[in-house]
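Visitor: One structure, pasted below without further comment.
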Amino acid sequence: MNSVFEEIEKIRGGRSANIIESLTSRYTVLCQETDRTKTAYCFSVPVRNIKTNDVVDLRFHHSKYGSVFYGSEAKITVTDRVEMINQHGRCDVVFQGKVSKKTETAVYINHNDHCLELRPTLNGLLLILDYDNIQSQPTITLQLDRIFGATYTNGKVFSIIRELLVPFVTVSCIGVLNAQGSVLAPCELHCKKVGDLEYAFTFSSANKTSARIAIEVNIYEPKLFHDTTVESLHPEENNAFGGIAFLGESKSFGEQWLYSRLEISNIAHLQRKKIIKTVLHIPKLSRSVTSLTVNRISTRFCSFGSTWQNKISITDPVAESFASNGYYHIDVTNLLGNLEKKSENYVIRTKNTDKTAVIPTADNFYTPQILEVQFQ
């Protein structure tokens, strides 16, 4: 994603958006419609800076001192390393090589014919690195300025935990990319603790061809949706902080579902409105298209305790997707059409389990999910 406003235009199918600034939250961009209704585009992570309330500008500003941009909460500076800093601390991302090229939306690092590409996310960076099973893999290191309480890792994601169930920084696998940027296959991270303030990472994939691997490194912000994947191949695991889902059947995960629940308090300004329509827009990250379904579940799930082994029974599908402009679109008015109610718990799955859909979870800061709420 290069611009919050460009993504809104994609969702609107090219229709112009009359942006207004009233009744917004940090997750929301509000539009005035010609029929006198309003539409709120509510992103799964904050899109407004915590100090200025301006929508995050996903572009670097270059000078002789480095390349800088401000996320929703963190300041990110790229020199011969990356410095991420917010009120809770500082995290440096250290890599081999030197800056070889800069654009508004990317910084490129070269080392021994390997290229590392850095792109802004809403509160961190997307890192795209060369991957070759035959040659040695580049190492990326996190260096902290203070000791935090714990870590969480499962091969898909690594988080430094600053307080109970709240990360400070997260390294999340996205996957193996083709030349067009579509996700072809999952990747895996391997972490080695170097010291109390330092962790080193390499990455691998079952995909045996030379390609590029994408990961995200983000300073954590609270999510609009609480969610986690569960999967049949690893029935006792989940992925509460991971940024990617491979729904349906795959060799790496078996059958995978995505549990989700809207955190209404983050868009409380919409609770007293008359809702006309709610549509969930989920970026389509793979080349193939398959239908997604949304099913209610019978009871509240726990993001950190839910697994395939204890998965909750589901009802018949309440909504089904169609795809256009790089998104899956799901009309969820029957599910989330009354924001006065306690938030519904639901599961996103593929309609046919033998087909895989690669989508972002609510922890993805580069390609966030978007809930469209039209109201009077």
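The values are calculated or read from the model by the stated rules, or taken from the named source; none is laboratory data. The structure displayed is predicted, hence computed values, not measured ones. A quick note on method: Cβ atoms are made from the backbone with ideal geometry, for glycine too, and the neighbour counts reach across all protein chains shown.
Visitor: When you scan the range 296-309, do you find a residue that is buried (at least 21 other Cβ atoms within 10 Å of the Cβ), in contact with a strand residue (DSSP E or B) (Cβ under 7 Å, 6 or more places away or on another chain) and closer than 22 Å to Ile8 by Cβ, even just one?
Guide: no
Visitor: Can you tell me which of (1) touching a His at 6+ places or on another chain (Cβ under 6 Å); (2) modelled with pLDDT under 90 is the one Thr315 doesn't meet?
Guide: Result: Thr315 fails condition (1) only.
Visitor: For Ser343, state whether it is over 27 Å from Thr121 (Cα atoms) and touching a helix residue (DSSP H, G or I) at 6+ places or on another chain (Cβ under 7 Å).
Guide: Yes: the conditions hold for Ser343.
Visitor: Another question, if that's okay. When only residues in the range 327-374 that are among the small types (Gly, Ala, Ser) and touching a Ser or Thr at 6+ places or on another chain (Cβ under 7 Å) count, which is nearest to Cys42 (Cα to Cα)?
Guide: Here the residue is Ala362.
Visitor: What residue, among those in the range 154-184 that are without any contact (Cβ under 8 Å) to a residue 60 or more places away in the chain and closer than 22 Å to Val93 by Cα, is surrounded by the most Cβ atoms within 10 Å (Cβ to Cβ)?
Guide: Within the range 154-184, the match that is surrounded by the most Cβ atoms within 10 Å (Cβ to Cβ) is Val171.
Visitor: Then there is this: Examine the range 187-199 for a residue that is assigned to a loop (DSSP other than H, G, I, E, B), acidic (Asp, Glu) and under 26 Å from Glu83 (Cα atoms), and state whether such a residue exists.
Guide: yes
Visitor: Kindly provide the set of residues from the range 47-79 that are of a type in the set (Lys, Arg) and either closer than 16 Å to Ile219 by Cα or without any contact (Cβ under 8 Å) to a residue 40 or more places away in the chain (or both), ordered by number.
Guide: Arg48, Lys51, Lys64, Lys75
Visitor: Considering the range 1-29 alone, what residues qualify as being among the charged types (D, E, K, R) and surrounded by 19 or more Cβ atoms within 10 Å (Cβ to Cβ)?
Guide: Correct list: Glu7, Arg26.
Visitor: Next question, about the same structure. Can you confirm whether the range 348-358 contains a residue that is crowded, with 16+ Cβ neighbours inside 10 Å and touching a helix residue (DSSP H, G or I) at 6+ places or on another chain (Cβ under 9 Å)?
Guide: So far as the range 348-358 goes, no, none of its residues is crowded, with 16+ Cβ neighbours inside 10 Å and touching a helix residue (DSSP H, G or I) at 6+ places or on another chain (Cβ under 9 Å).
Visitor: Turning to a different aspect of this structure: Given the conditions (1) touching a strand residue (DSSP E or B) at 6+ places or on another chain (Cβ under 7 Å); (2) under 18 Å from Pro368 (Cα atoms); (3) surrounded by 14 or more Cβ atoms within 10 Å (Cβ to Cβ), which single one is not true for Asp54?
Guide: Failing condition for Asp54: (3).
Visitor: Taking only pairs six or more apart or across chains, which ones have beta-carbon atoms under 8 Å, a first residue in the range 14-32 that is under 21 Å from Pro368 (Cβ atoms), and a second residue that is surrounded by fewer than 19 Cβ atoms within 10 Å (Cβ to Cβ) and of a type in the set (Gly, Ala, Ser)?
Guide: Ser25/Ala268; Leu30/Ser22; Cys31/Ala17
Visitor: Can you find a residue that is among the β-branched types (Val, Ile, Thr), surrounded by fewer than 16 Cβ atoms within 10 Å (Cβ to Cβ), without any contact (Cβ under 8 Å) to a residue 60 or more places away in the chain and not assigned by TED's automatic domain parsing to the domain that holds Ala40 anywhere in the range 185-207?
Guide: Scanning the range 185-207, I find at least one residue that is among the β-branched types (Val, Ile, Thr), surrounded by fewer than 16 Cβ atoms within 10 Å (Cβ to Cβ), without any contact (Cβ under 8 Å) to a residue 60 or more places away in the chain and not assigned by TED's automatic domain parsing to the domain that holds Ala40, so the answer is yes.
Visitor: Looking at Leu142, Leu164, Leu122, Leu116, which is the one that is within 18 Å of Arg212 (Cβ to Cβ) and aliphatic (A, V, I, L, M)?
Guide: Of Leu142, Leu164, Leu122, Leu116, the one residue that is within 18 Å of Arg212 (Cβ to Cβ) and aliphatic (A, V, I, L, M) is Leu116.
Visitor: Let me ask something else. Counting just the residues of the range 359-376 that are farther than 13 Å from Leu262 by Cα and touching a strand residue (DSSP E or B) at 6+ places or on another chain (Cβ under 6 Å), which one comes out surrounded by the most Cβ atoms within 10 Å (Cβ to Cβ)?
Guide: Among those residues, the one meeting the criterion is Phe365.
Visitor: Name every residue in the range 357-376 that is assigned to a loop (DSSP other than H, G, I, E, B) and at pLDDT 95 or above, in order of residue number.
Guide: Start the filter on the range 357-376 by keeping residues that are assigned to a loop (DSSP other than H, G, I, E, B), which leaves 361-369, 376.
Answer for the range 357-376, where residues must be assigned to a loop (DSSP other than H, G, I, E, B) and at pLDDT 95 or above: Thr361, Ala362, Asp363, Asn364, Phe365, Tyr366, Thr367, Pro368, Gln369.
Visitor: Hey, does the range 80-103 have a residue that's of a type in the set (Gly, Ala, Ser), in contact (Cβ under 8 Å) with a residue 60 or more places away in the chain and either within 30 Å of Ile276 (Cβ to Cβ) or not assigned by TED's automatic domain parsing to the domain that holds Glu198 (or both)?
Guide: No - not one qualifying residue is present in the range 80-103.
Visitor: Could you please find all residues in the range 19-41 being under 29 Å from Val78 (Cα atoms) and among the hydrophobic types (A, V, I, L, M, F, W, C)?
Guide: If the condition is that a residue be under 29 Å from Val78 (Cα atoms) and among the hydrophobic types (A, V, I, L, M, F, W, C), then Val29 is the only one that fits.
Visitor: Which is within 19 Å of Ala240 (Cβ to Cβ) and of a type in the set (S, T, N, Q), of Thr299, Thr290, Thr315, Thr333?
Guide: Unique residue meeting the criteria: Thr299.
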